Structure formats: structure tokens, C-alpha cells
Amino acid sequence: MIRATLKSLLARKVRLLLSGLAVVLGVMFVSGAFVLTDTLGRSFDSIFADVYEGVDVDVTAKPKVAVDPTQPQQVVTPFPAATLDRVDTLPGVAGATGMVSAPGPQLIGHNGKVVPSLGPPQMGGNWLGESDLVRLREGHEPRTDDEIVVNVALAEAAKVSVGDRVGVVSTFAPKREFTLVGIFGYSGDRDSIGGAQEVVFTTPVAQRLVLGQPDTYSSIALRAEDGVRPETLRDDVAGVLGAEYDVKTGAQASEAAAAGLKEGLSFFNQILLGFAAVALLVGTFLILNTFSIIVAQRTRELALMRAIGASGRQVIGSVVLEAIAVGLLASVLGLAAGIGIGALLAYVFGQVAGGLALAGLAVPPAAVISSFAVGMLITLVAALLPALRAARIPPIAAMQDVATPDRPLTKVTVAGVVVTGVGAVLLALGLTGNAGGNTLATILGGVLFAFVGVALLTPLISRPVVSLLGALFAWSVPGKLGRLNSGRNPRRTAITAAALMVGIALVTGVTVVLDSAKSSIADRAADTIDAELTISGSQSGPRQPTFDPAVVDRAAALPGVSAAVGLFNDFAEVEGERRYVNAATDLAAAGRIYQATATSGTLATLRPDQIALSEPVAKNRGKAVGDTLTVQFARGARHTYTVVAIVPEDRLPGSYLLPRESAADFTVPQPYLALVQLADGTSIEQVQPRLEELVADSPEVSVADRAAFVEQQTGVFDQLLTMIQILLALAIVIAVLGIINTLALSVLERTRELGLLRAIGLRRSQTMRMITVEAVVISVFGALLGVAVGSGLGAAVVRALEDEGITDLVLPWSQMGVFLGLAALIGVIAAAVPAARAARINVLGAIAHD
């Protein structure tokens, strides 16, 4: 039986390899994700090992506001320079170096624009002299307060040279001009560490521009005396400084710094694995269809085996053995492809990050284990139903020259209704927030059950829908034949179409949600914000561009300006809970621009100890006008505020609106947005040029009207949609393979039929048209399913997010039309090889084919 199975497998190696390719692509995503994150993780370990080389103990101040390690921008808490003096005199300390290092300062390049940072941020720091790690390549160290040095990576990106006068935009000060006196690199002939671009000042200037406070440091690097263990020195220093400081050994600091980036990588890894799951789901449909067709074609062969003594268990084993062979080969090829893809993505990531030095390529055990586990499991699950069906083939079938008749659709339809119902319940629980702490898992489970349920229901609707679609081509004999062929086997057509449905449904659903969000944001801006002009910047790095607060005051004083308000934002701890807070330069102006009316209290200018709340927050916290609440910002001491106004939701910029003075304790004490309201009779053209003059020293900031501002802020949705479409393209590619495989197997199955058609006068070109019509009908049917299911899922998500401000439901009709057009093209492409093969069939040989 084993020999017979292997011979049968080798006789159909091309078609099985084609179905196995679907598993190869899915496994490639899985193994590639693990290889990528492992390579980047070890690269980050190496980077921070270099950074903390020679540091026995690292001292930093604990953040005043708890931070999320997955955030790209961590809060740097400055501490007094007196701390350096305290630890420098401790026993066991051979040397203490006060360091200034934080993101914020940005260099203005030769073109007058801020050098963009798409990966690691531009860092600012103080010059500590040359070391084993840092070496000057050109020029000299900064000696006066108007001199700076930059690393090679930044100098090349900005296209500046030693001796140039360059501008620097700082978080804590307006644009300043400096003389570039030196360019430095790193050991190993590296131009940067992890792709970071660095601007380095003298220590006093760095303290003011990077940390915002004179006589402060961001960390202290300690060297232990000979014979003193770093762990011992760490404990001694921690005992002296107390709980307000975080004291680690150099090794611990290196591990902690790398751990934050690895946490972000794990999230990226989960995204890749999610798309791998989609690809494998589509691949499951393909393999299920392949084995179903093969079992149907082998009816007589399997029946003969039963007739000569093979048991049903042996027949099942025969099909399962084929599945194991396909799964094993696919897992090996997928693992190899994943290693290549992981290495390629790591290289691309390194280039985008500014030349990140990658660790050597290695294959983690998780990549190998997951590749074989997933590849084998998916193939076996997909082959199980066809295997059970093969075991039920009666021996008498060997005596008959007929195919196995179609079975009733009752059972599969009932199963489809039940599975779809389970999916709907899970989606409802997840989208309404009633899934406990498993919201994401519940939603993903609901989507999976919904797709499987729709796939099970598809055979019921395939015949009438396919017949209707095929009517478009019924004006010719090949068209009529292709229409009949596409509807002759509802199960086969349904599974093939379902594979294409998954990818298109996901793209359609995401498009519905993102387009609805964009429309809702635009409508809300039009309804709530009465401002004709905005001052803001497009975010090109981890931190949103900001500008000098004085710009807002000057804007408000311009002729033709009725009101101007600047907005600041940050995370803070509000009565012990981490929340997003805002500050405004003028609450009264904000009230006019946001067309707000207080339901309690008064919208007047906030004093330094006053706060305005939105109604939902006031209700949830049980706060009324006159009550107090405490807020801890990233800088400074804890503050107590008195509630002076409660405003309806969406009628304030945020749920917590603080006075202008509070922004001094924000991580970035500068406004990210200014809204400018014009006086009656004043045109945008009259005021916009004057506003642009005010932000001339902030090249990353621009002035725009409301429509352009909304488009600027929602542009991230378009980028996200493009990324999702690229990743889901793999699922659509697998679906195309499914159509090709189905048609190829169908051509083999209908060899005699095709020969007879050719014998009675069907020309080669007509044969090819017939196969093409069949493919196009199946593809368009799958696309219609995808558009319908995706629109339904997207609408459900939009409805669930109504309380979050997504109130508009936008169906992307143009994109849907494009999907249907692409589906027809996919059908034509998928039919090319099977149609050519059908046209080349030898007529006499086909008629004699058994």
C-alpha cells in the first residue's frame, strides 16, 4: 500500500507541488518573522553592549510618569548636577561622568529643511571626549557654546561639512545657529550606532537645549575601582541615592535598553504572524480542493484497492501519507524561503534605520519548530476530509465508469449556518467590549469562524450566482460551455472562490473602516472646529513636530485674526492612572474655536491651578465644578487642580484641558498645533503668508487650511492601508494558485470530454476561451463574496466604534469596482496555462482516455 501510494504521489507531483506552494508561502511568513526578530534582537543587544561598554554602573532618575516599553519615545527625567558630586565621592567609584542624552534637537540641512528621521530619532548630547567607542574623523571638539559636532550619519544626511553654519531646532528653544566644527564616528568604522543621528554640544548648551534645564544630567556613568564588583557598587550607590533613582549595572542597563526595542519587535512579529495565518487559511482551502479533486479522480483506483483487500484505514493512510509528503516538502521549502525573506527584511530595516549594523544571520529554534508544526498541521487538516471520503468509496465503484455523484448540500449548509452564527456571536462580544480581557482574541476568532462559515455556505449560492455571472459570456458557444463548467461542481467552485474571498474581504473590510474613520474625522473637524487655518507639522519620526509658543501669541495679534489657540499634549498620571492630557494657551479662545458651551462652570482663561473636563470623564470620576484632582506630569512636582468647567464630549481638544503653565512640565513643552480663527470679512490669502513668516524658523512646521490639515492628519490611514494591501497580496497570490490548480486538475479530469468537444468541431481558440470563461466566473464570484463579506465586517466594526467617534459609514465603491476588475484579470491570468494545455490535447488520445 505504501509503494502504491508513493507511485501515485510521484505520478501527480506537479499538481501536488502546486498546492504545496500555498503552504510554502504561509510557512515562509512564519519562519521569516522569527528570523527577522531574532536577527534584529541580537543586533540591538550588540548595539547597547557597545554603548554601555566601559560603564560599570548606570544611574538615571526614575520617570515621574509610568512609560510603556513599546513606545518609541521614552521620557528622559533630568536630575540635578549635585547628584554627580554625591556619587563621585563614594567609596569604590573610580570615576563618574555626567551625561546628557535625549531625543529632540534636529539639524537643518543644506536645503533649509529639517533632516528627516524615519527610524531612530535624532539624539542630542554633550561632548565627553574621544574614547574607545567615539573617534573624531574631521575637525575638533566643541569648545565654545556656538560650536557643535555631529556623527557621520547625520553629516551625510544633512549634506553639511566642517566649517558650515547650521541651524538646530530644539524642543526647548527656538532655532539657533551653530558652527559645525567636527564630525565623529565610532569603533569598527561605523557612521552611527543603530542608525541614530547625533548632535553634540558643549555640556551647558546640551543641558539647556536637550534637557530644558541648566545644571542637570540625564544619566551618570560610573567606573568601579579595581577589585570592586559592579553589583556591589550598584547596591552602594542605590542605598545612597534612594528610591527616586534607577541604578543598574552596565550589563543590566544594556539589557533593559534592548528589551524595550525587542518589545516593539514582538508586536511587529505578531503582525507578520497574523498575515501568515491569513495566507495559511487561504492555503487550507487550496489544499482541501486539491485533495478533493484528486480523490474524485482516483475513485476507480481506490475502489480497486478496496476490491483486492485494502481496508478503509489503509485508504485513509494512503491519502494522509500523500499529505505528509506534501507538508514535509512544503515545510522545508517554506523554512528555507523564510530564512531568505527574514534576512532580506532585516537588511531593509537596517537601511531604513540609517545603516543599522546587523548581527550574523541565525535560525532560531522557534522558526524551525513553527515551520514544521504549521506546515504539517495545515496540510493534514486540509487532507483529512478528502481522506475520510476516500475510505467510504465502495469496491463496486471499480466496476462502474462513472464519477462519484454530487452529494446533497444539506449537511454543509447547516454546518455553515452554525459556524457563521458562532462567528457573529464572537464578533459581537469582541466589538462591544464584552469579551473580558480577551477582546482581540475574540474578534480574531469571530473573523475566522465567519470566513469558514461563509465558505461552508458558498456551495449553496454558487450555482445561481455563477449561472448569473456566466450569462454575461453566454453569447458564444465557448462562453456557454464555460458557464456550465463553472457551475457543474458547486463544492469545488465554492472552495476555489472562498480562497480568493478571504484576501479581498480583509482588504475591503480594512478599507471600509479606514475610509469611515477619515470621513468621520473630517466631518467632526468641520462641525466642531471653527478655524480657517492651522499651524502644525507632518510627523516623519517618533515625535510630532512642535514650534515656539510665542508663535501663537504673535498669530493672535495679527490683523484679521479673531482668535488663536495653541495646543500641547502629553501623557500624565491623573490620580494614579496614565492618561492623555492637553493644555491650551487660552481656554476662552479654545471654547470659541471649538464652539463649546460649558454644561457646568465657565469657559474663561484658566488659572495655573484650574482644569476643564469633558462630561464623560467628569461622570466617570465623579467630579463636579469645584472638585479637585491631582496630576503628575513627566517633569516637575505633583499638581492639584480645581475643576472650573465641564464641557460636552468632542467640544474640547481632549478630555483633560489644562492651563498653559502646565505645559512647562510636559515632555515637550511646545505646542504641536495652533488653530487660527479669522475675523469676518478676512480671507485666508490675507493671513496665511503672515503666519508662514512666523514659523520660518521651524522648517518642519507649515500653515494649512482646514481641509489640507485634515488630509495631513489622516494621511497615516492611507499609508496603513497600503501596507496591509501589500501584505495581503500574498493571500491573493495563493488564491490565484488555487484557481490555476483547480483548472489544471479539472482539465485532466475532463480529458475525454475535451477530446470529444474537439472532435465535434470545437477549435483550439474556443477551447481556451471556454477555460478562460470558467476561470473568470470563479474569480469574479470569489471577489463578489469578498466584497460582500468585507463590507459587512467593516460596517460591523464601524458600528462598534461609534462611541469612539467613527460615526460615518463609507463604502469604497470605486475600490470595490477595482477589486472586481482585478478579479476578472486574475481569472484570465490563472487560465492561461490550463487553457493552453487543454488546447493542446491530442484529440484521438483524449477520446481513448480512460
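The values are calculated or read from the model by the stated rules, or taken from the named source; none is laboratory data. Values in this document were obtained by computation on a predicted structure and should not be read as measured data. A quick note on method: Cβ atoms are made from the backbone with ideal geometry, for glycine too, and the neighbour counts reach across all protein chains shown.
Side notes on the structure shown:
- Any helices (runs of 4 or more DSSP H) falling wholly within the range 761-850 and containing at least 2 residues that are within 30 Å of G446 (Cβ to Cβ), out of contact with any strand residue (DSSP E or B) (no Cβ under 7 Å at 6 or more places or on another chain) and modelled with pLDDT of 80 or more: 764-800, 813-839
- Residue identified as out of contact with any strand residue (DSSP E or B) (no Cβ under 6 Å at 6 or more places or on another chain) and not hydrophobic (A, V, I, L, M, F, W, C) among R592, R635: R635
- Any hit, the range 591-606, residues being in contact (Cβ under 8 Å) with a residue 12 or more places away in the chain, assigned to a strand (DSSP E or B) and more than 30 Å from E700 (Cα to Cα): yes
- Residue count for the range 706-743, restricted to those that are under 19 Å from V24 (Cβ atoms), more than 17 Å from the chain's Cα centre (by Cα) and not small (G, A, S): 9
- Meets criteria (out of contact with any His (no Cβ under 9 Å at 6 or more places or on another chain), surrounded by 15 or more Cβ atoms within 10 Å (Cβ to Cβ), at negative phi and modelled with pLDDT of 75 or more) for A258: yes
- Test: residue in the range 653-660 that is in contact with a strand residue (DSSP E or B) (Cβ under 9 Å, 6 or more places away or on another chain), among the basic types (K, R), more than 30 Å from P80 (Cβ to Cβ) and surrounded by 14 or more Cβ atoms within 10 Å (Cβ to Cβ): no
- Any hit, the range 218-227, residues being under 30 Å from V374 (Cα atoms), within 36 Å of the chain's Cα centre (by Cα) and either assigned to a strand (DSSP E or B) or modelled with pLDDT under 85 (or both): no
- Looking at V676, V733, V687, V710, just one residue is β-branched (V, I, T), modelled with pLDDT under 80 and farther than 28 Å from V23 by Cβ, and that residue is V710.
- Residue among V710, V736 that is farther than 30 Å from V282 by Cβ, in a helix (DSSP H, G or I) and in contact with a helix residue (DSSP H, G or I) (Cβ under 9 Å, 6 or more places away or on another chain): V710
- Scope the range 554-569; condition closer than 16 Å to A531 by Cα and in a helix (DSSP H, G or I); matching residues: A555, A556
This table checks each residue for (1) out of contact with any Gly (no Cβ under 7 Å at 6 or more places or on another chain); (2) without any contact (Cβ under 8 Å) to a residue 60 or more places away in the chain; (3) surrounded by 16 or more Cβ atoms within 10 Å (Cβ to Cβ).
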{"site": "T442", "(1), (2), (3)": "no, yes, yes"}
{"site": "L469", "(1), (2), (3)": "yes, no, yes"}
{"site": "P490", "(1), (2), (3)": "yes, no, yes"}
{"site": "A497", "(1), (2), (3)": "no, no, yes"}
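- Test for V502: is it part of a helix (DSSP H, G or I) and either at pLDDT 85 or above or touching a Pro at 6+ places or on another chain (Cβ under 9 Å) (or both): no
- Pairs with Cβ under 8 Å, 6+ apart, first in the range 197-214 and over 16 Å from P103 (Cβ atoms), second assigned to a helix (DSSP H, G or I) and modelled with pLDDT under 90: none
- Which numbered condition A696 misses (of (1) surrounded by fewer than 18 Cβ atoms within 10 Å (Cβ to Cβ); (2) touching a residue at least 24 places away in the same chain (Cβ under 8 Å)): (2)
- Only listed residue being farther than 20 Å from E130 by Cβ, crowded, with 20+ Cβ neighbours inside 10 Å, touching a Leu at 6+ places or on another chain (Cβ under 9 Å) and in contact (Cβ under 8 Å) with a residue 60 or more places away in the chain, chosen from S218, S192: S218
- When residues of the range 595-624 are limited to those that are among the hydroxyl-bearing types (S, T, Y) and under 15 Å from R651 (Cα atoms), the one nearest to the chain's Cα centre (by Cα): S614
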